[in-house]
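Asker: Below: one structure in structure tokens.
The values are calculated or read from the model by the stated rules, or taken from the named source; none is laboratory data. None of these values were measured; they are calculated from a predicted model. When we count neighbours, we look across all protein chains shown, and the Cβ atoms used for this are built from the backbone with ideal geometry, even at glycine.
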Amino acid sequence: MSPPLTEVGLGSSPVPGAADLARGWATRPGRAVLFDFNGTLSDDEPIIEAVYAELFAEHLGWQLTSSEYAVRLVGLSDREIVTRVVAEHGTGDPALVERLLAVRGERYREVVAVRSPIGSGARALVRRLHSAGVPMAVVTGAQRADVETVLARSEVGPYLRGVVAEEDVSRGKPDPEGFLLGAALLERSPADVLVFEDSAPGAEAAARAGMACIRVTRPLDVDLLQGTGI
């Protein structure tokens, strides 16, 4: 049976189910954490949406709406997003996919180089986990260069043991491949891992990997560890 998926609401504290899930995970001697990146550890979904909207309007003549981005694209890897949109609104040319991916990465990195999208709550959460000796890593559908650009400019970077990025997997979320690679990176059993995710495909991937998952719908903060003793 897959571990439970628990959503964290928009209020000031986690819903009871999330607290119970976190407390149960905290009792495991091999406890570890895997963070999704875009929209979870990095509060950057508005940045990504704006970059994609600009990119698709310029190169495909198609206007991406916020609702379509949220419903159809959030949680997919960068390559999956661009491939899907080029197939639906462009020529389907693989060379165009590669060009748009390159431009998208450049524009994203220009923005995050000026202002880090990793918020104070996420930084506090990572520091608390590090102080408790909990190993952490990132599992993401983002391009590695994007993640490394953000982490290099944030205090949380040195606390993370590694990154599983789009380039490291053959199948993106909801396939569990990335999370299983993340557990191996941390030298932990999937049952020892708590995942923080913001998207439905990511939460499904964590469940299929045999990991407990808190699906967050607000910025990360230390209150997610409430009652765990960490």
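Asker: Those residues that are of a type in the set (A, V, I, L, M) and either surrounded by 15 or more Cβ atoms within 10 Å (Cβ to Cβ) or under 21 Å from Met211 (Cα atoms) (or both), I need them from region 151-173; list them, please.
Answerer: Those that are of a type in the set (A, V, I, L, M) and either surrounded by 15 or more Cβ atoms within 10 Å (Cβ to Cβ) or under 21 Å from Met211 (Cα atoms) (or both): Leu151, Val156, Leu160, Val163, Val164, Ala165, Val169.
Asker: Give me a count of the residues in region 174-196 that are among the basic types (Lys, Arg) and buried (at least 23 other Cβ atoms within 10 Å of the Cβ).
Answerer: 0
Asker: Would you please name the residue that is farthest from Gln143 (Cα to Cα), looking only at residues in region 70-106 that are basic (Lys, Arg) and surrounded by fewer than 19 Cβ atoms within 10 Å (Cβ to Cβ)?
Answerer: Arg72
Asker: Being of a type in the set (D, E, K, R), farther than 15 Å from Phe37 by Cβ and without any contact (Cβ under 8 Å) to a residue 40 or more places away in the chain narrows it down to one residue among Asp223, Asp175, Asp168; which is it?
Answerer: Asp175
Asker: Further question: Identify, please: which residue in region 197-220 is outside any helix (DSSP H, G or I) and surrounded by fewer than 21 Cβ atoms within 10 Å (Cβ to Cβ) and is, among those, modelled with the highest pLDDT?
Answerer: Looking at the filtered set, the residue picked out is Gly210.
Asker: Run down Val147, Val112, Val51 and say which single residue is among the hydrophobic types (A, V, I, L, M, F, W, C), surrounded by 15 or more Cβ atoms within 10 Å (Cβ to Cβ) and out of contact with any helix residue (DSSP H, G or I) (no Cβ under 9 Å at 6 or more places or on another chain).
Answerer: Residue meeting the stated conditions: Val147.
Asker: Exactly one condition in (1) at pLDDT below 90; (2) in contact with a helix residue (DSSP H, G or I) (Cβ under 7 Å, 6 or more places away or on another chain); (3) surrounded by 14 or more Cβ atoms within 10 Å (Cβ to Cβ) is not met by Gly17; state its number.
Answerer: For Gly17, the failing item is (2).
Asker: With respect to Ser189, determine if the residue is in contact (Cβ under 8 Å) with a residue 12 or more places away in the chain and more than 21 Å from Asp221 (Cα to Cα).
Answerer: yes
Asker: So, one more: Among (1) at pLDDT 95 or above; (2) touching an Asp or Glu at 6+ places or on another chain (Cβ under 8 Å), there is one condition Ser77 misses while meeting the rest; what is its number?
Answerer: Condition (1) is where Ser77 drops out.
Asker: Please find, within region 99-148, the residue that is farthest from Arg31 (Cα to Cα) out of those that are at pLDDT 95 or above and of a type in the set (Val, Ile, Thr).
Answerer: Per the stated criteria, the residue is Val103.
Asker: Oh, and also: Would you check if Ala102 is under 25 Å from Gly162 (Cα atoms), in the same structural domain as Gly210 (by TED's automatic domain parsing) and of a type in the set (A, V, I, L, M)?
Answerer: no
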